[in-house]
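Q: One structure coming up, written as structure tokens, with questions to follow.
The values are calculated or read from the model by the stated rules, or taken from the named source; none is laboratory data. This one's a predicted model, so the numbers in the text were calculated from it and none came from an experiment. We place every Cβ from the backbone using ideal geometry, glycine too, and count neighbours over all the protein chains shown.
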Amino acid sequence: MTRIATIDAKTLAEEVKAAPIFLLDVREPNEAALCQIPGSVLIPLGHIAARAAEVPDDQEVVVYCHHGRRSEMAIRMLQDAGLTRLRNLEGGIDAWAEAFDQEIARY
């Protein structure tokens, strides 16, 4: 099984300022309505396999969910679809809110 690359919230915050990164939110729409990382694209985990073609393979992709488990599953599915430039946000949006953006609602 291929190792899943990760990124922490602080590093992601720095990287999004420097270069385009495709931020993929794999939570459910009701969760995304509560909070999201600005600029992210919502494709719920249950839709990833059918919508994998919507995820670019020519740029870095950071996948996130609430705490990081669903995003790991999504990355496995995207790897199966041939994508390679994928990283998982450690701790998900909850870690992002705690470390970087305290204005984001936590749930």
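Q: Quick one: Val26 ticks every box in (1) exposed (fewer than 15 other Cβ atoms within 10 Å of the Cβ); (2) touching a strand residue (DSSP E or B) at 6+ places or on another chain (Cβ under 7 Å); (3) without any contact (Cβ under 8 Å) to a residue 60 or more places away in the chain bar one, so which box is it?
A: Condition not satisfied by Val26: (1).
Q: Which of the residues belonging to the stretch 1-23 are under 15 Å from Asn88 (Cα atoms), touching a strand residue (DSSP E or B) at 6+ places or on another chain (Cβ under 8 Å) and of a type in the set (A, V, I, L, M)?
A: Ile4, Ala5, Ile7, Ala9, Leu12, Val16, Ile21, Leu23
Q: Quick one: how many residues across the stretch 20-55 are more than 25 Å from Gln102 (Cβ to Cβ) and among the small types (Gly, Ala, Ser)?
A: 5
Q: Considering only residues that are assigned to a loop (DSSP other than H, G, I, E, B) and among the hydrophobic types (A, V, I, L, M, F, W, C), look in the stretch 10-30 and name the one that is farthest from the chain's Cα centre (by Cα).
A: Checked the stretch 10-30; the qualifying residue farthest from the chain's Cα centre (by Cα) is Ala19.
Q: If you don't mind, there's one more thing I want to ask. Looking only at residues in the stretch 67-92 that are more than 15 Å from Glu54 (Cα to Cα) and touching a strand residue (DSSP E or B) at 6+ places or on another chain (Cβ under 8 Å), which one is surrounded by the fewest Cβ atoms within 10 Å (Cβ to Cβ)?
A: Going residue by residue through the stretch 67-92, those that are more than 15 Å from Glu54 (Cα to Cα) are 67-73, 76, 87-92.
Then drop every residue that is not touching a strand residue (DSSP E or B) at 6+ places or on another chain (Cβ under 8 Å), which leaves 68, 71-72, 87-90, 92.
On the way: Gly68: 19, Ser71: 29, Glu72: 14, Arg87: 20, Asn88: 22, Leu89: 26, Glu90: 18, Gly92: 23.
Going through the qualifying residues, I end up with Glu72.
Q: Test of understanding: among Leu42, Leu34, which residue is out of contact with any Cys (no Cβ under 6 Å at 6 or more places or on another chain) and closer than 20 Å to Ile7 by Cα? Explain how you work it out, then say what you get.
A: Details: Leu34 fails: closer than 20 Å to Ile7 by Cα.
Going through Leu42, Leu34 in turn, the sole match is Leu42.
Q: Now for a different question. When you scan the stretch 31-50, how many residues do you find that are among the charged types (D, E, K, R) and either exposed (fewer than 15 other Cβ atoms within 10 Å of the Cβ) or in a loop (DSSP other than H, G, I, E, B) (or both)? Break it down stepwise before answering.
A: Restricting attention to the stretch 31-50, the residues satisfying the condition of being among the charged types (D, E, K, R) are 31.
Now restrict to residues that are either exposed (fewer than 15 other Cβ atoms within 10 Å of the Cβ) or in a loop (DSSP other than H, G, I, E, B) (or both): none.
Qualifying residue count for the region: 0.
Q: Restricting to the stretch 7-30, what's the tally of residues that are closer than 17 Å to Glu54 by Cβ and of a type in the set (Val, Ile, Thr)?
A: 2
Q: When you scan the stretch 56-107, how many residues do you find that are farther than 17 Å from Ala32 by Cβ, modelled with pLDDT under 95, hydrophobic (A, V, I, L, M, F, W, C) and not in a loop (DSSP other than H, G, I, E, B)?
A: Summing the residues that are farther than 17 Å from Ala32 by Cβ, modelled with pLDDT under 95, hydrophobic (A, V, I, L, M, F, W, C) and not in a loop (DSSP other than H, G, I, E, B) in the stretch 56-107 gives 1.
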